[in-house]
1. Scan the stretch A:212-254 residue by residue and report those that are surrounded by 15 or more Cβ atoms within 10 Å (Cβ to Cβ) and acidic (Asp, Glu).
2. Spot the failing condition for A:VAL118; the list is (1) assigned by TED's automatic domain parsing to the domain that holds A:ASP246; (2) farther than 18 Å from A:PRO186 by Cβ; (3) modelled with pLDDT of 80 or more, and only one is missed.
3. Say we look at the stretch B:348-374 and pick out the residues that are within 14 Å of another protein chain (Cβ to nearest Cβ), surrounded by fewer than 20 Cβ atoms within 10 Å (Cβ to Cβ) and of a type in the set (A, V, I, L, M); which of these is nearest to B:VAL294 (Cα to Cα)?
4. Please go through (1) under 20 Å from the mean Cα position of the chain (by Cα); (2) among the basic types (Lys, Arg); (3) assigned to a helix (DSSP H, G or I) for B:ARG290 and return the number of the only condition it doesn't satisfy.
5. Can you name the condition, by its number, that B:GLY84 falls short on among (1) away from every other protein chain (no Cβ under 14 Å); (2) buried (at least 21 other Cβ atoms within 10 Å of the Cβ); (3) closer than 30 Å to B:VAL298 by Cβ?
6. Among strands (runs of 3 or more DSSP E) lying entirely in the stretch B:21-121, which contain 2 or more residues that are farther than 30 Å from B:PRO186 by Cβ?
7. Would you mention how many residues in the stretch A:184-221 are within 14 Å of another protein chain (Cβ to nearest Cβ), among the small types (Gly, Ala, Ser) and touching a residue at least 40 places away in the same chain (Cβ under 8 Å)?
8. Read through the list (1) part of a loop (DSSP other than H, G, I, E, B); (2) more than 27 Å from B:PRO99 (Cβ to Cβ); (3) within 14 Å of chain B (Cβ to nearest Cβ), then give the number of the only condition that A:ARG154 fails.
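The values are calculated or read from the model by the stated rules, or taken from the named source; none is laboratory data. Nothing here was measured: the structure is a model prediction, and the numbers come from that model. So basically every Cβ, Gly included, is an ideal-geometry build from the backbone, and we count neighbours across all protein chains shown.
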Amino acid sequence: MSEIFSSIILPAVIFMGGLGVLLGVVIGVFAKYFKVDSDPRVELVTELLPGANCGGCGKAGCSDFAKSVVDGENPPGKCPVSSPEQVSSIARALGIDAGESFARRAVVCCGGDVEQMVRTPNYNGVLDCASAVLVAGGPKGCSYGCIGMGSCARKCPFGAIEIINNLAVVHSELCVGCGTCVAVCPRGVIKLVPAEAEVHVYCNNPDKGPDKRKVCKVSCLGCRKCERYSAEKFGTSGFLASVKYDAAELPTAADVEAIGCPTGALLTAKRHLEIETNNPEFAPNEDK
Amino acid sequence: MKINNNAVLSFKGGIHPSGNGKDLTSAKAVQTAPLMERYFVLLGQNAGKAPEPVVNKGDVVKKYQLIAQASGFVSANLHAPTSGTVGGLVTVPGPMGVPAQAIEIVSDNLDEAVEPMESIDWRNSDSKTILDRIARCGLVGMGGASFPTHVKLSPPPDKVIDTLIFNGAECEPYLTADHRLMVEAPRKVLEGAAIVGKILGVENIFIGIEVNKADAITELQTIADGYGVKIVPLQVQYPQGSEKQLIDAITGREVRSGGLPMDAGCVVQNVGTAKAVYDAVVGGIPLIERVVTVTGEVVAEPGNWLLRIGTPVMKVIELAKGVTDDPGKLILGGPMMGFAQKSYDVPVSKNTSGILLLSKADAVNYGSGSCIRCGRCVSACPMHLVPCLLGCAIESERYDLAAQNHVMDCLECGACAYVCPAHRPLIQHLRRAKSEIRRRSQKK
């Protein structure tokens, strides 16, 4: 018995124990001399961020952005997804200034759904916008508007885009303004606008009015009615009106009411959503 | 060189489209179209840079007069298709589905021409004189790519060109424009071919013709020797008329991935271009008209027409006595590689080889399924790609994987989609990947 103990068990215990001590020392040495300096603040900020990894800030995900915040490269407000409370909590935790809020929302600048826009029949290819534009310029009459095959909706990390009647519509309460859809759209019809803007021109076609009218009932005719109403709030480039988003004062629902856009291309986001989702009776004001 | 006996040559891969629709028009002589009221000459109809207009609204022009000047080397002149007034620069539906700029010419019904340029004695002229004439006459490749001919005939000095091939294969179903041209103007085609041979200093000149055009082969073979041109019968196989496949079939050489025919010592031109070269050099006439096949089961009187560049397609269909039934699809070019149109107002351009109206039954959508890994597309692909895997990679937006697997070598011939039993839209996927990869490389 004692023979087994001294010849087999004891050497094994000594060997394994010694090996354990040795490896422990090695690990200790490595931990001391080769340790990676990680800033606990980066982890803290990462936890406070939404964790959507959408890339809307221009960084490769939330922890990369957290690192840039801690390094002072970006203010916490650069995260388009975080609410003002989240941003200020990050700023408080780091004891820095929150910076200007960059909150943005995506807007699909097109109202040409299946009822409003001329459609070319017979497109029977891949249901993907980038593929569809390569076949005779897409299935709709307008070469600038939304194709409505939902490439943006499939890519949106927040499920904020819905395809209604072959038109992409942004639910602004879900949209965080990360800009993923802007990069996907082959027509460039999606724009990022300040989150507080409520009025938009739902048309992206720079052609002359009559040409647009041929293909779409709700196109902007370039009549400049809105620009005459307020040159501070609206501008026109070529034959397409636009809201001046960087102006001191943004247009409101009351302004839209007062202007009375002849085609209904100028709308509040709320009204646009209403029209597309649950008001099939809506008809644009016919030529006045 | 593969040609040493009378074997019928071909390449590896490809397909044999059944019921190729050529019977509709192959026996119909080319008719000259009457003058139209208006012509819309598209500005960006050549590969490369669009030419600059040199006429203004209200100007009076004569037939053959220059209306747009080439801007840069890879660009081609445009000439007035008839005499009349310039209606200005207008936007018309373009052949790619997006609106395009065109010069409108309102005909005065007189068809007065400017004095044609003098004929060049090409046998005793240097290449530069002839090339200048070709550039002045605005010649582009008339097979479909519309690459300016003078550029294609000016290979860099380090490339040795020893073979010149003319494509008379016309492998696209339905089209018979080149076929009729070879039957009706064989001497012009052959002399044009000889002129191009003189420019390049090449003695090996071939015209490859598919054997289903037996009358064209006999017609050309009897007189070809006098021009130093050899006629090569080719198997009826699609895409026999594609540059790289034609080089493979006739010379046995392979153009390496990403390379041009000149890397294999070859220059390939369409027979329509050869005829245009003859007209430009010997006749002194710029390129303002071409033979177009107007065809399809629903066309009342299918036929081959000599049309001025800029004729609206709607007018051409009227010439063919309209349609017998609602057409399912309008295609410019052949059914395999042609482009579907959404408007009948699109004008004929220098590369429009056919106006095809498919019937509703032919334009039906089968709906696509999943890839069943049968590999038919692999054996059909003339470029020896693996379309099934490329298609799957592109569906999941793995453009990097597609690029690694040489998606950029795809000809977009459509053979893979034609044979796919699951009706997968492979060509659409491949085209999307090509445009996406091109866009990304431009961005960098």
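1. A:GLU227
2. Against the list (1) assigned by TED's automatic domain parsing to the domain that holds A:ASP246; (2) farther than 18 Å from A:PRO186 by Cβ; (3) modelled with pLDDT of 80 or more, A:VAL118 comes up short only on (3).
3. So the residue we want is B:ALA363.
4. (3)
5. (3)
6. Values: elements: B:30-32, B:38-42, B:66-69, B:84-93, B:99-107.
Result: B:38-42, B:66-69, B:84-93, B:99-107.
7. The total comes to 0.
8. Going through (1) part of a loop (DSSP other than H, G, I, E, B); (2) more than 27 Å from B:PRO99 (Cβ to Cβ); (3) within 14 Å of chain B (Cβ to nearest Cβ) one by one, A:ARG154 breaks only (1).
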